[in-house]
Amino acid sequence: MDARLIQFLQEELAIPAAAIAVAQRHQDITPNLLPIILWQYGLVTLDDLNRIFDWLETA
C-alpha cells in the first residue's frame, strides 16, 4: 500500500519526493498517518488531503 500511495502522491498530486521523505521521517512517530503529516507540514492542501482519502477508500 505504501508504494502505491507514494506513486499516487507523486503522479496525481505532483508532490516532490523530498516532501514525501520529510513526512516519512515523521511517520515513525505516528504510523499510518502519512497524509495527515503531509497536510500538517503544508505539503498538501486540504483539497489534496481529501483526494488522498478518496483514493485510499478505493485502493
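No lab work stands behind these numbers, since they all come straight from the coordinates. None of these values were measured; they are calculated from a predicted model. Glycine gets a Cβ as well: all are built from the backbone with ideal geometry, and neighbour counts include every protein chain shown.
From Ile15, Ile6, Ile36, grab the single residue that is among the β-branched types (Val, Ile, Thr) and more than 18 Å from Ala59 (Cα to Cα).
Ile15
Looking only at residues in segment 39-55 that are within 14 Å of Asp2 (Cα to Cα) and in contact (Cβ under 8 Å) with a residue 24 or more places away in the chain, which one is surrounded by the most Cβ atoms within 10 Å (Cβ to Cβ)?
By that ranking, first place goes to Ile52.
Does segment 18-34 include one or more residues that are surrounded by 15 or more Cβ atoms within 10 Å (Cβ to Cβ), in contact with a Leu (Cβ under 7 Å, 6 or more places away or on another chain) and not in a helix (DSSP H, G or I)?
No.
Taking segment 1-14, which residues are without any contact (Cβ under 8 Å) to a residue 40 or more places away in the chain and aliphatic (A, V, I, L, M)?
Result: Ala3, Ile6, Leu13, Ala14.
Contact list please: Cβ distance under 9 Å, first residue in segment 15-29 and under 16 Å from Arg4 (Cβ atoms), second residue charged (D, E, K, R) and part of a helix (DSSP H, G or I), pairs at least six apart or on different chains.
These pairs meet every condition: Ile15/Asp48; Gln24/Asp2.
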